[in-house]
Amino acid sequence: MDGKYELDYLKRHQLRERIISLGVSYQQVADFLGIGKSTLQRWINGKITNCSAALWPRLEALLSGRLDAELCLCAKEEAASKYLQRSKVTSLDGYEALVEQFSQAYHLCCQYNCQQEFLERMEQFFEEVAEQLPSMH
């Protein structure tokens, strides 16, 4: 195939199993890959059996597990952002719990050599959360 790569049954099955094992949603994986959720679903269901040459390296890296940490952290960042939009952290205890969670995520990122851009996004997000807190004296 010219400029396209085939998603055979094994690769489709691998993709579905990877999504399940990581505990991420189809939408999170689609966003991570830069495709629509419906495209991802059609790949998995076999309704689309090819992938563009431009997207293939990222898909292969996802299938091999090389992007697991980055995908999971992106999904957690998205979930944390939605959580904070719904319920503001207003107490010192809540802030300390958030600091602990971010610290663990940040160290995980460093351990898996996540891209510097992602680490900077985490730091910026944390600063935005800290700015939302009332002054606690």
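The values are calculated or read from the model by the stated rules, or taken from the named source; none is laboratory data. No experiment lies behind these values; they were computed from the predicted model shown. With ideal geometry, Cβ positions are generated from the backbone for all residues, glycine too; neighbour counts draw on all protein chains shown.
Worth pointing out:
- Where Y83 falls short, out of the listed (1) outside any helix (DSSP H, G or I); (2) at pLDDT below 70: (1)
- Residues located in region 108-128, provided they are at pLDDT below 70 and in a helix (DSSP H, G or I): L108, C109, C110, Q111, Q116, E117, F118, L119
- With respect to (1) surrounded by 12 or more Cβ atoms within 10 Å (Cβ to Cβ); (2) free of Cβ contacts under 8 Å to residues at least 12 places away in the same chain, the lone exception for L15 is condition (2).
Table: residues versus (1) touching a residue at least 40 places away in the same chain (Cβ under 8 Å); (2) over 17 Å from D8 (Cβ atoms); (3) crowded, with 16+ Cβ neighbours inside 10 Å; (4) not assigned by TED's automatic domain parsing to the domain that holds R18.
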{"position": "I35", "(1), (2), (3), (4)": "no, yes, yes, no"}
{"position": "S38", "(1), (2), (3), (4)": "no, yes, no, no"}
{"position": "W43", "(1), (2), (3), (4)": "no, no, yes, no"}
{"position": "G46", "(1), (2), (3), (4)": "no, no, no, no"}
{"position": "N50", "(1), (2), (3), (4)": "yes, no, no, no"}
{"position": "L55", "(1), (2), (3), (4)": "no, no, no, no"}
{"position": "R58", "(1), (2), (3), (4)": "no, yes, yes, no"}
{"position": "L62", "(1), (2), (3), (4)": "yes, no, yes, no"}
